[in-house]
Amino acid sequence: MIRTVSALALAFCLWGSALAAPAADTVMRSANLRPASGSPEAGLWQASDEAETYARQSADLDSDPVLGAYVRNLICKLAPEYCGELRILVMTRPVLNATAAPNGYVEVYSGLMLRSRTESELAYVLGHEISHFARNHALAQWQRNKTRGNVTLAIQVGVSVVAIAAMASVANSGDFYAPNKIDYIGDAAQTLSDLAYIHGLATYFAYSREDESEADRLGQIRAHGVGYDPWAAPAIWQSVGAEVRASEYPEVRKSLARATIFDTHPLTEDRIEALKRAAGSTPHQTAEESRAEEQAYRAIIRPHLAVWLRDDLRRRDLGQSLHLISRLEAVGEDLGLLAYYRGEAYRQRHRDGDLSSALAAYRLSITHADAPAEAWRELGEAESRAGNAPAAIRALETYLTRAPGSEDRWLIESELETLKASHS
Amino acid sequence: MRIWLLALCCLVLAGCTTSRARVAAPELTTPVTAGSAGLLVKPVARLALLTVAGLTERRDDWSRDAATHLAAGFQAELAKRDHPFNLVDLSGQMEGRTGQVLRLNEAVGDTIQTYEFGAQRLPTKAKGFDWTLGEGTRLLRGDSGADHALFVTARGTWSSPGRKVLLVGAAIIGTPIPMGSQTLSASLVDLRTGRVIWYNQALAGPADDMRTPEGAQALAASVLKGAPL
Ligand SMILES: [Zn+2]
């Protein structure tokens, strides 16, 4: 549940904001780097190797060679210098995310590809991840956590010294293996420890934001450098924000603000503004250029659209799903398929008025040539619920004609019998 | 829990390695016949440094060295017994059906550790040691003719010098600070039936450092004590 609800919120945490331009002497890691054995980096690599082994056996791994080659070519276009060492796995997961591990294994989530409006948007996010890799941010983050963790613990122990003096009996509980005994050392000490912890956390976020803003900036430069629209960078961020605001769940909607707990103004606004500033005087695409790019990208993801939408509905945040479907509809293609999933989202949400919205969506879906056979089945069910037996019979019969080998044939046939009997 | 208390006493008193094996009931297994062949699956070791603040920092060199020394140590100890065990490296076969069996073995191993060696028991497993991977394990036999496989997994941490200093300071003021510890587990599986016929887990004493050949072999000897081989 938490995973589903916070799916998109997570994307925000991963990114942080773009505040500063990169220094002119920004050093990128050399190609085909191998860390020295025994170093913390080698440890990160070994752990990443294990994670990669697991990912390769995951049921989420997409096996379509065409899609795999597409993403691989895109990444090689963005980062020819690392092309030979990056290993790309497309994961079927309905969340906007991509990761680049220090050992060179890259995960690209289907949820990112579904939410990218154009190749420029996808290229920007991949450029962001490649920049984390190129700048070795994972290692830097680990080193900082280590230092910060040490400082935080030192403060906690310091606080405990005072508390223990007053409450020696509690401290001497004798349980050597209980690391959380500090929790028992009285309220005052606990409060101080919490403060130390929160301070550590705040620093953590501040540092992390620097790396995130750098990755934002470098990713945008990288994508622009090979011809992608720099305005795509703020654009995908804006659509993600809009999708979060469309969530069914107040907690998710609030997550936009929560990411800025130690900040005075919204993280997302910062980030969008910084990316817009960086795009600067680059002219916006013309309506025709934009449309052509949308259509070209849609053609690439079209074979996966149905599966990805079905997965997205499984997150059970139908407000977000409906918002996403609207964005996909704006391209003006795949309207039968999208209307069908719009109907499914309404039907599954099942709030006031949703069932009639679902019926309208199914009715619309079947007017388009790309409507899936299931649209007639669901239309039949919806018409039947609405008391329109003749329309229900017509739709279910069409479903059986369009999906002759379907597994639920016997079920639909018996339903048809009941409908016909009660109607005549 | 008891093994940890026992281990703690042992650490203080003698510095020895402690273990307590679980054995499947005889009716659940076919006896290991003398001279029958087995596979020693290349041990897996995940070892890390425990930093001052208690973060674990993976050490690739320790992990690699320990895996190599444990393989040699187990082979040396098994050679003293009546069963020839051949070392096999299955890490390159993690995809496909073989990989699935290996993953299942990992999952079952983790569950055994949780419910046979931890504080809780599963109600359905209360009667005795009764775990199986299913007959998919036949895949692992290949053309080796082996009837059994021994899986070895090591996990552990060693404290950084900074953390040891902290321990001394903390001990003076009475604050408990967990230090590094290492565990080694071994699982003997009947490849014909998939049954886990014997499982043992050991907490390493300070003298048995698996990062050295001698320490690894001493640990192997402790873990194999009482194995039906
Ligand atoms: Zn990032």
**Item:** Count of residues meeting criterion [open to solvent by 20 Å² or more (accessible area, probe 1.4 Å), under 18 Å from A:HIS132 (Cα atoms) and not in a helix (DSSP H, G or I)] in the stretch A:48-94
**Value:** 5
**Fill in**
Selection from the stretch A:208-257 of residues assigned to a helix (DSSP H, G or I), more than 16 Å from the ligand (Cβ to nearest atom) and acidic (Asp, Glu) yields A:GLU243, A:GLU251
**Request:** May I ask you to verify whether B:ARG121 is free of Cβ contacts under 8 Å to residues at least 24 places away in the same chain and away from chain A (no Cβ under 14 Å)?
**Result:** yes
**Message:** Looking at the structure I just gave you, is B:THR111 within 26 Å of B:THR193 (Cβ to Cβ), touching a residue at least 24 places away in the same chain (Cβ under 8 Å), among the β-branched types (Val, Ile, Thr) and assigned to a helix (DSSP H, G or I)?
**Reply:** no
**Message:** Out of B:GLY96, B:GLY73, I need the residue that is on the phi > 0 side of the Ramachandran plot and either within 11 Å of chain A (Cβ to nearest Cβ) or among the small types (Gly, Ala, Ser) (or both). Which one?
**Reply:** B:GLY96
**Complete:** The condition of being over 19 Å from the mean Cα position of the chain (by Cα) and modelled with pLDDT of 75 or more holds, among B:LEU39, B:LEU13, B:LEU50, B:LEU78, only for B:LEU50
**Request:** Consider A:GLU41 carefully, then state whether it is within 14 Å of another protein chain (Cβ to nearest Cβ), open to solvent by 40 Å² or more (accessible area, probe 1.4 Å) and closer than 30 Å to B:SER160 by Cβ.
**Result:** no
**Prompt:** Is it fair to say B:THR51 is open to solvent by 20 Å² or more (accessible area, probe 1.4 Å), β-branched (Val, Ile, Thr) and within 13 Å of another protein chain (Cβ to nearest Cβ)?
**Reply:** no
**Message:** So, A:ALA361, is that one open to solvent by 20 Å² or more (accessible area, probe 1.4 Å), of a type in the set (A, V, I, L, M) and over 24 Å from A:GLY241 (Cα atoms) or not?
**Reply:** no
**Residues that are surrounded by fewer than 21 Cβ atoms within 10 Å (Cβ to Cβ), outside any helix (DSSP H, G or I) and free of Cβ contacts under 8 Å to residues at least 40 places away in the same chain, drawn from the stretch B:59-105** = B:LYS80, B:MET94, B:GLU95
**Asked** Which of the residues spanning the stretch A:387-405 are outside any helix (DSSP H, G or I) and under 10 Å from A:GLU374 (Cα atoms)?
**Response** A:ALA403
**Request:** Could you please tell me which pairs satisfy a Cβ distance under 8 Å, a separation of 6+ or placement on different chains, a first residue in the stretch A:372-385 that is surrounded by fewer than 18 Cβ atoms within 10 Å (Cβ to Cβ), and a second residue that is of a type in the set (D, E, K, R)?
**Result:** A:ALA373/A:ARG402
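The values are calculated or read from the model by the stated rules, or taken from the named source; none is laboratory data. None of the values given here were measured: they were computed from a predicted structure. Please note: Cβ atoms are built from the backbone with ideal geometry, for glycine as well, and neighbour counts cover all protein chains shown. Note: accessible area is taken over every heavy atom of the protein model, side chains too, but ligands, DNA and RNA are not part of it. Shrake-Rupley method; radii C 1.70, N 1.55, O 1.52, S 1.80 Å.
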